[in-house]
Structures are given as C-alpha cells and as structure tokens.
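The values are calculated or read from the model by the stated rules, or taken from the named source; none is laboratory data. Note that the coordinates shown come from a computational prediction; the quantities given were computed from them, not determined experimentally. Here the Cβ positions follow ideal geometry from the backbone for every residue, glycine too, while neighbour counts run over all protein chains shown.
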Amino acid sequence: MTKRHLLLFVPVLFLCACAKIVPLTGGDKDITPPVMTRTEPDTFSTGFSGKEIRLSFNEYITVDDPTRHVYFSPVLKNAPQFIAGNKSLLIKIKDTLLPNTTYTVRLQGAIKDLNEGNPLDEQLFVFSTGAQIDSGSFSGYVRNAETNEGVKAAKVLLYDAGSDPLRVKTEKPTYYSISRDDGFFTIPYIREGSYKVFALQEEDNSLTYDRAGEGIAFISADITTGQDSSLQLRLFRSADDTLKLLKSKYETEGRFSFKFSKGVPDLQIRAEDSTGLREMLVYSNTNGDSVNVWLRGQPADSTVFYLSARDFSDTVSLKSKAPVTGGGSRGLKTGGTSKPVITLIPPAGKELSLYDTLAVSFSKPVFLRDSSLIVLLEDSVPHPFRLERSPRNPLLWNIFFTPRSDVNYTLDWKRSAFELYSTRDTVDSAHYEFSYLPVEDYSQLNVAVRHADRSAPLIVSLMRDTKVLLTKRLGENDTLISFSKLPPGSYSLKALADQNNDGVYTTGSLPDGRQPEKIYYLASPVVLRKGFDQKIVWDFDKKGR
C-alpha cells in the first residue's frame, strides 16, 4: 500500500469509529383525518341524472364497511357499489333515482386515512334530480324510555303521513338518519310536508321493525316540516306477550337457572329426581324473567323440573355434574365447594341508619342450622332479636331488633350456625361490630313538584347509588312530598307517571299505539348535610337525565 493510500484510509477509519447511531423518530403521530377536496358532481348540484358519484380526498384513504357507514336518503332499493381507489371513493348507483327529489349521501366514519386510520367525521353530500334542493328538515333526540339517556346509532325513519303505522314492520322508510353518540339526530334537505316518525334500534340493518327484541320509538301524531322543530323519541322494547322458556341449565353446587321471555309472577316449580320430590329455594330477579333454583342437598345425575303458570306449562330434564364425594362435613369433600361470601348490610365499619333493616347477605343460600350459636350483643350484653330469611331473596337474612344510637353492637355466630343449603357444608364463624347514627344527625328532604303531568299518578322514588330506598305516591292535588329520617349523603330522585295505575313501569306497544310510561329524573343529586333539613324544587319542564 502506498503512503498516499494509507493517509486516506486512516481518517476514514477514524470517522467510522466516532460515528454515533441515532434511532430514527417518526415525529408526532398523525391524527388528522382526510379532507374532502372535490366532488363529482358538485355538492348541491341540481338536475342530476348520472349513475356515478366520485368523492376525492387530500390523501390516500380506506373505506370501512360502506354498506353500513355510507347511506342514501331517500333510501335506495338496490345497494350501490363502492369502489375505493387511491384518494377517492367511487359510488355507482344501481337504482333509477326518483324525479324532482333531493338526495343526501351521509358518510358516518366510513372514510379513514390509509396509514393511521383516522376517521373523517360525519360528512354530507347533497344533490337533486330536480331544479331545486328541498329545504325541509327535522332534528331531535332519541332517548331510552327507562333511563332518559341518549341512544347511540338509532335509525330515525320518516314515512309519508297518513300511512299505516305498521308499515315500519315490512317497508323501508322514505328518509332516514342515524343518531349520534348522545342520541341527537338531524334529517335535512327533505321534501316539505307531513310525516310519520319512528326510531329503530336494530342489528341487521334491514331498516324495518321485523325482529323480536328490537327497540322502537314513535311519535303518535303526524309531524310537519316548519312546525315541529325538536322531536323527542322515547325508545322502548315491547313486552313479549307469549311466555316462553328461553334457556335452562345446571350452574354449579345445586343451582339451576331458567330464563323466560318475560316476567312470570305466578310461576310454580316442582323438582323431582330418582329420590322423589326435592326441597328447594326459588329466587326471581326484579323483572321476574330470570329464576334460580337451589336444591336442598346434592342433586342427582338428572333432575326433572315441572314449570307452570297461567297459560303456560313446560317440563325440563337437566343433568347435573357429578356430585362431590369423600370426607368432610356431612360426607362431602372439604374443598369441593367454595366458601360463600358474607356481607353485612348496611356494611359494617360505618354508622348505620336507625331506619335501615339490618341483614346478612350470603353469595349462595344457607340453612339456619342452630340459632343458639348466633348472638347479638348491645354493649357486651345479649340483646333479643329475630332472624328471618327474606321472602324476596333467599340469599338474604334479615335481623329484626330495636336499635339505639348511644351504644355499640356486636353480631357473632359460631361455625355450624349455618350450613350451605345445597351441599350441607357448614359456614365459618363471623364477627361484626357496628353502631347507629344519633337521632339528631338525621335530615329531612322536602320536594316541591312543578309542572308535572298529572294525567297519571306519580310514583316518586328516593335513590342512593341506584338503589331505591323509599317510594311515595303523589296524590292528584299534591305538590309537596317529604322524605324524613334520612342519614347524610347524596341522593337522587326519579318519578314514574303510572298511566295504568299498576305501580310499575309499563313499556309501550306499537300495534296498540301506546307510548311507554314516562320516567323523570332529577337533573342533579341532592346532598343532605348532617342534622339539616333541605327543600328543593323539582321542575319537570327542565330536562334531567
């Protein structure tokens, strides 16, 4: 190697040795959605007679399920063809468009940029086959009839006025739109006139009320553009008048479950296996459509259930898993079942209300084996009490006694006081300490009702953490309702307009033209302070939840 070449090589080697490798950074993540830059034809064009629409964007795009997220109003009989290519979306129309009609093409999150998937917000493309753009419109909210919360992705359907309300079961609408996350919707650029309005919550995208369990809402009277500004649609699910057993199965540890198509208040159940009729506990949920059955002792390999109610009967044979055998209490394997979770209600560790019923909740049903092993102490002195299983919930045992607020209480039971209803395993011992809030710390809530619709009796419920504590019926001429002896804390109120006077919420019926009963919620919770009474005004004209 020559001297000259050596001199060239050394500096290069030095540079390579000193180089520092720095990882590439991509910068901030792109969160900008595509922008529509051009349409063919121009938006708001009139006299359109073509078969293709091209929408162009400022970057490469992808289209997410256009059959659901890109839709025409008025509705097309045949679905258009969508072709995404580079920076544009081509829509090929397969229908003959109606004459002198304004069409709206709505893109609801269908267009996304190719790399990051940022969706384009709702976008409208409008054109007319006639000489002008129609200017009629409607807007409003779709809300859940029971919770008053906005319903997302409900389809709001418009039919010509004067038509059969049941058309919604078989025919697609003339115009439609889809509600936003908060339930708000708008249907712009429609023909001036009167319409029947429905809202539909469905999964199959059929635009018809054609399946059991779909949500429906309707406005009883026809509505007219220019007169009816903000529409309020209360979505409900119709009660299934035909009682059916939907599902039955063996769960675990002697528990069987049954699911019905509707509540069954008069359900009768008998259980029989190879040993004969079985003793059991039955628990229905609030609606009465879900029922749990626990057999006393371990179930046999197969149990036959005889179910009956008014205009209903069914017989179900269910196989259970192999029973646990071996040592342990009553011949059962000690580890064969999980221990029940036990909770004092109200929870121990805080001051209880003198007006609450003390109860013990078990995660699985138990049998009172020996009441002498249970002791209630009032400042270390045994205090008389009565223990009863709740008639409404077999997992709950109520403890009845007269409490005082100036003493401390202890509830104790020893092992073997209770045993599990199904497996006969004994329940572990327990110890709870609690006391009660002094009388002077309680409050009273006075509620003045304004602008309530008194065409139906009002049932007002006081709630805490979604649990109904007290319920009162407001008389026809009553404007003030009071809840007394309340511990401090945060409370909420709801009221039911009990149209049929049966004491419970009644859903609507489209065939009968019956709206669901109205439920009102106080807009914000009421906070009661210790020892202070409070009066509030509940104005039903002001929107709550």
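Let's see how each residue does on (1) within 14 Å of Ala84 (Cβ to Cβ); (2) at pLDDT below 90:
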{"position": "Ala19", "(1), (2)": "no, yes"}
{"position": "Pro23", "(1), (2)": "no, yes"}
{"position": "Gly27", "(1), (2)": "no, yes"}
{"position": "Pro41", "(1), (2)": "no, no"}
{"position": "Phe44", "(1), (2)": "no, no"}
{"position": "Ser49", "(1), (2)": "no, no"}
{"position": "Ile61", "(1), (2)": "yes, no"}
Exercise for the section: Go through region 270-296 and give me each residue that's under 20 Å from Val504 (Cα atoms) and of a type in the set (Asp, Glu). Expected result: Asp289
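Every residue, every condition in (1) modelled with pLDDT under 95; (2) surrounded by fewer than 18 Cβ atoms within 10 Å (Cβ to Cβ); (3) among the basic types (Lys, Arg), yes or no:
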{"site": "Phe184", "(1), (2), (3)": "no, yes, no"}
{"site": "Ile187", "(1), (2), (3)": "no, no, no"}
{"site": "Leu200", "(1), (2), (3)": "no, no, no"}
{"site": "Phe218", "(1), (2), (3)": "no, no, no"}
{"site": "Gln227", "(1), (2), (3)": "yes, yes, no"}
{"site": "Gln232", "(1), (2), (3)": "no, yes, no"}
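Looking at Asp204, is it under 20 Å from the mean Cα position of the chain (by Cα), modelled with pLDDT of 95 or more and exposed (fewer than 14 other Cβ atoms within 10 Å of the Cβ)? Don't jump to the end; show me each part of the working.
Details: under 20 Å from the mean Cα position of the chain (by Cα): yes; modelled with pLDDT of 95 or more: no; exposed (fewer than 14 other Cβ atoms within 10 Å of the Cβ): yes.
Considered against the rule, which asks whether it is under 20 Å from the mean Cα position of the chain (by Cα), modelled with pLDDT of 95 or more and exposed (fewer than 14 other Cβ atoms within 10 Å of the Cβ), Asp204 comes out as no.
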Exercise for the section: List the number of the failed condition for Gly513; all other conditions in (1) over 30 Å from Leu352 (Cβ atoms); (2) surrounded by fewer than 14 Cβ atoms within 10 Å (Cβ to Cβ); (3) over 29 Å from the mean Cα position of the chain (by Cα); (4) not polar (S, T, N, Q) hold. Expected result: (3)
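Of all residues in region 103-138, count the ones that are assigned to a strand (DSSP E or B), among the polar types (S, T, N, Q) and touching a Gly at 6+ places or on another chain (Cβ under 8 Å). Working first, answer last.
Taking region 103-138 first, the residues assigned to a strand (DSSP E or B) are 103-107, 111-113, 119, 123-128, 136-138.
Next, from what is left, pick out any that are among the polar types (S, T, N, Q): 104, 123, 128, 137.
Then keep just the ones that are touching a Gly at 6+ places or on another chain (Cβ under 8 Å); that gives 128.
Count: 1.
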Completion exercise
Okay, strands (runs of 3 or more DSSP E) sitting entirely in region 401-492 with 2 or more residues that are over 29 Å from the mean Cα position of the chain (by Cα), I get 408-413, 418-420, 430-435, 443-450, 480-486
Practice task
Any chance you could count how many residues in region 243-270 are closer than 29 Å to Glu149 by Cα and either outside any loop (DSSP other than H, G, I, E, B) or hydroxyl-bearing (Ser, Thr, Tyr) (or both)?
Solution key: 4
Fill in the blank from the handout: Asn287: passes all of (1) farther than 24 Å from Gly150 by Cβ; (2) touching a Gly at 6+ places or on another chain (Cβ under 7 Å) but (1)
Completion exercise
Of the residues in region 64-102, those that are closer than 27 Å to Asp181 by Cα and either outside any strand (DSSP E or B) or assigned by TED's automatic domain parsing to the domain that holds Pro173 (or both) come to Asp64, Asp65, Pro66, Thr67, Arg68, His69, Pro74, Val75, Leu76, Ala79, Pro80
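Can you find, within region 353-396, the residue that is nearest to Val468 (Cα to Cα) among those that are β-branched (Val, Ile, Thr) and outside any loop (DSSP other than H, G, I, E, B)?
Let us first name the residues in region 353-396 that are β-branched (Val, Ile, Thr), namely 357, 360, 366, 374-375, 381.
Imposing the further condition that a residue be outside any loop (DSSP other than H, G, I, E, B) reduces the set to 360, 366, 374-375, 381.
Values: Val360: 19, Val366: 26, Ile374: 30, Val375: 30, Val381: 34 Å.
Out of the qualifying residues, it is Val360.
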